[in-house]
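The values are calculated or read from the model by the stated rules, or taken from the named source; none is laboratory data. Just so it is clear, the structure is predicted and the values come from calculations on it, not from any experiment. Neighbour counts are summed over all protein chains in view; Cβ atoms, including those assigned to glycine, are modelled from backbone coordinates with ideal geometry. SASA here: full protein model, heavy atoms, side chains in, ligands and nucleic acids out. Shrake-Rupley method; radii C 1.70, N 1.55, O 1.52, S 1.80 Å.
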Amino acid sequence: PAVISPCKILKCNSEFWTATSGSHHLGTEEAPEFCTALRAYAHCTRRTARTCRGDLAYHSAVHGIDDLMVQHNCSKDGPTSQPRLRTLPPGDSQERSDSPEICHYEKSFHKHSAAPNYTHCGLFGDPHLRTFTDTFQTCKVQGAWPLIDNNYLNVQVTNTPVLPGSTATATSKLTIIFKSFQECVDQKVYQAEMDELPAAFADGSKNGGDKHGANSLKITEKVSGQHIEIQAKYIGTTIVVRQVGRYLTFAVRMPEEVVNAVEDRDSQGLYLCLRGCPLNQQIDFQTIRSTQATEGRTRRKGPSLLAPPEAFTYETATAKCREKLPVEDLYFQSCVFDLLTTGDVNFMLAAYYAFEDVKMLHSNKDKLHLYERTRDLAPGNTAPLGTSPALWVALLCLSQCWLCLL
């Protein structure tokens, strides 16, 4: 069924933009009109406040209104205006396709408001998960699991065993449901499976349907059968899906307000991109990696598991991964882990492309690489993200030398 958010903040933003369009450089004589529009904007946000906790641009709009009131010396008391309706130029199909304003998330932020904060989540390989909070986990999660579940879209993945009898799994199916949203898009479903990466939604369309803002949701095929990108401008979201070898990878860039737009936060325990994998599904990456280094191959503990392929030793897997991933971060270690577990060189490419997607989608370029915590530090002391273990040890040694000099 179609789902429409009760929060009307984007409608408030659109009405204010409509009322002030063409008057961005207001003179003194126009200030009263602008203040009137601002008061109407503030009134609109107050009406929808109860349904907008943590939802989309609400908090940014409220702070932006206060800033504009101060800048233009507007009184909070006074008349409010009804927004004037813009008339679309005849034959201007681009204007119609991008309208209304609520169908473009970034445009809904006034130029004086704070820019939205974006987050990233990715799933690749056997499978490795990077959450919206930059937590990195290696998980089992066999079967169907929800990656994202909020007011605007659902993403579910199905992971199947790579080898008979092994807990090594990889993503074989992906389903994305974009929920119907106001004047922008109809509900759309995208499905991909092994050896089938379509460049269209399940109904054959490539946009959001028949609504006025349908082109705020689009699918673009980057490489036939291997790489597609979905732009959902109405929620400021970009999704990248790839097929690498037989299996799928997933990456998303999404505003924090969309990430947190859920009806009941307590029911989101299995929302992997937000909460991570359950503890009983997580694999102790460090323990298994040390076993790999000493034994030359990985063995996952558990009943009736088959030994993994012998195609790679720890040394040859490390050399192979270094060809594509020269920095020995967790993407590199994931590559080594997967080669030893599966013997399939395509998992090296999955780690490589996952990191390429991070470079494109992550908003904080200082957090592209992730590193493990240093095991031998005292509890509560961890190597900071973005700092290699060797450098961290060197810094500790320098600090000790400095203390000796003192």
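Structural remarks
- If you check His212, His227 for being surrounded by fewer than 21 Cβ atoms within 10 Å (Cβ to Cβ) and at pLDDT below 95, only one passes: His212.
- Evaluation of Thr138 against (1) over 19 Å from Ile283 (Cβ atoms); (2) crowded, with 21+ Cβ neighbours inside 10 Å (one fails), failing number: (1)
- You will find that of Leu217, Leu197, Leu147, the residue that is open to solvent by less than 10 Å² (accessible area, probe 1.4 Å), of a type outside the set (Asp, Glu) and within 30 Å of Asp338 (Cα to Cα) is Leu147 and no other.
- Members of segment 149-162 found to be modelled with pLDDT of 90 or more and of a type in the set (A, V, I, L, M, F, W, C), listed by number: Leu153, Val155, Val157
- Where a residue in segment 243-265 is assigned by the TED database to the domain that holds Leu153 and more than 22 Å from Tyr58 (Cβ to Cβ) and its partner, wherever it lies, is open to solvent by 20 Å² or more (accessible area, probe 1.4 Å) and of a type in the set (Gly, Ala, Ser), with Cβ under 9 Å and at least six apart: Gln243/Gly225
- All positions within segment 223-242 that are out of contact with any Leu (no Cβ under 8 Å at 6 or more places or on another chain) and closer than 29 Å to Gln182 by Cα: Glu229, Gly236, Ile239
- In segment 150-169, of all residues being more than 23 Å from the chain's Cα centre (by Cα) and among the hydrophobic types (A, V, I, L, M, F, W, C), the one that is farthest from Asn260 (Cα to Cα) corresponds to Leu163.
- Where Ser166 falls short, out of the listed (1) among the hydroxyl-bearing types (Ser, Thr, Tyr); (2) touching a residue at least 40 places away in the same chain (Cβ under 8 Å); (3) farther than 17 Å from Phe347 by Cα: (3)
- Meets criteria (open to solvent by less than 40 Å² (accessible area, probe 1.4 Å), outside any strand (DSSP E or B) and at pLDDT below 95) for Gly165: no
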